[in-house]
Amino acid sequence: MKNILHIETIGDYFSLRKQEVLHPLVGIVDFNQVEPEAKKASGYDAFKFECYAIFLKDAKGCKMKYGGKAYDYDEGTLVFIGPGQTIELGGYEPGHVPKGYALLFHPDLLLGSSMSRKIHDYNFFAYSVNEALHLSAKERKVILSLLEKIQFELEQNLDRHSKKLIVSNIELFLDYCVRFYDRQFLIREFENQGSLEKFNDLLNEYFLSDKAQKYGTPSVAYFAEKLHLSPNYFGDLVKKETGKSAQEHIQNKLIEEAKEKVFDAEKSISQIAYELGFKYPQHFNRMFKKNTGYTPNEYRSLN
């Protein structure tokens, strides 16, 4: 059985790294200041986080696993981990010394701020580690400057401005990461186009086979898994490349298939609903009317 360290508070992680806790809900670890023994996390096979964690890796040879996949970090790589995620450790290269920074903040830090709602819009906290953000030299400088500002606030005596300034800088940090991810999606356009083509092929194959009857109406998670991507990363990739969400593409294909099948007068509407993966015909009827303005029977009659 794996030995998992449950990181429920900022103090749990700081205790592991033998660092002083300056604020109970947020903190930054500079691995240059961590003793060699505290860097190893000996005895643990994985960490399970109940807080948000962002790692800026500045050394090669560091490996983590998420969802059973290993990822080798290069210099200037940002990894985002959300509450409830488990990261497996191990596979370090000989002589590897962790370098970089870790920014951790507890969800309670955001209570009472606009960030408590906005945090769920940062989809990269649900990306897999092999979908990490690779920073350019200029981007890395921006990230380091924001970490410096957050650390500056942590080292001051807490006052009524502290929380607002810390949360504002975290928000700015994350907003820059949204921009940097957009750049990464852009420069991977050729690779992304390949994923979109595979997505369309898989979508067509889903309805040509008996998968709809077996698994129900197709989901974003199904295609993301087939493409070896996390659902959030896959959804963002499709949205940025096409302007439509992955769910919209699936819905449009579902309607296209439904219209085609409704023309077959030898099949009942209930039979068509089952073939398309609907468990209940009334759900199919509702979806069809919402998208066409007609019930399946009305559409059949009109055509």
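The values are calculated or read from the model by the stated rules, or taken from the named source; none is laboratory data. These numbers come from a predicted model, not from an experiment. All Cβ positions, even for glycine, are placed from backbone atoms using ideal geometry, and neighbour counts span all protein chains on display.
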Return the residues of segment 97-121 that are under 22 Å from HIS6 (Cβ atoms) and without any contact (Cβ under 8 Å) to a residue 40 or more places away in the chain; say none if nothing qualifies. LEU111
Note on segment 249-268: residues out of contact with any Leu (no Cβ under 9 Å at 6 or more places or on another chain) and either surrounded by 19 or more Cβ atoms within 10 Å (Cβ to Cβ) or of a type in the set (Lys, Arg) (or both) are LYS259, VAL262, LYS267
Out of PRO218, PRO231, sole residue that is in contact (Cβ under 8 Å) with a residue 40 or more places away in the chain and farther than 18 Å from PHE124 by Cα: PRO218
Assigned to a helix (DSSP H, G or I) and exposed (fewer than 12 other Cβ atoms within 10 Å of the Cβ): does that describe GLU171? no
Of the residues LEU165, LEU144, LEU158, which is of a type in the set (A, V, I, L, M), in a loop (DSSP other than H, G, I, E, B) and either assigned by TED's automatic domain parsing to the domain that holds LEU109 or modelled with pLDDT under 90 (or both)? LEU158
Can you name the residue in segment 5-56 that is at positive phi and over 27 Å from the mean Cα position of the chain (by Cα) and is also surrounded by the most Cβ atoms within 10 Å (Cβ to Cβ) among such residues? LYS18
Of the numbered conditions (1) of a type outside the set (Lys, Arg); (2) closer than 27 Å to ASP121 by Cβ; (3) at pLDDT below 90, GLU260 satisfies every one except a single condition; which is it? (2)
Expected output for segment 20-46 (first residue in contact (Cβ under 8 Å) with a residue 40 or more places away in the chain and among the acidic types (Asp, Glu), partner surrounded by fewer than 18 Cβ atoms within 10 Å (Cβ to Cβ) and not in a strand (DSSP E or B), Cβ below 6 Å, 6+ apart or cross-chain) is ASP45/LYS2; ASP45/ASN3
Just give me the residues in segment 222-240 being in contact with a Pro (Cβ under 6 Å, 6 or more places away or on another chain) and exposed (fewer than 14 other Cβ atoms within 10 Å of the Cβ), in sequence order. none
Criterion first (at negative phi, at pLDDT 90 or above, of a type outside the set (A, V, I, L, M, F, W, C) and surrounded by 14 or more Cβ atoms within 10 Å (Cβ to Cβ)) does SER209 satisfy it? no
Go through segment 203-303 and tell me which helices (runs of 4 or more DSSP H), entirely inside it, have 2 or more residues that are over 30 Å from ARG179 (Cα atoms) and either β-branched (Val, Ile, Thr) or under 32 Å from the mean Cα position of the chain (by Cα) (or both). 211-215, 246-262, 269-275, 281-292
Those residues that are surrounded by fewer than 16 Cβ atoms within 10 Å (Cβ to Cβ) and not polar (S, T, N, Q), I need them from segment 276-293; list them, please. LYS279, TYR280, HIS283, ARG286, LYS289, LYS290, GLY293
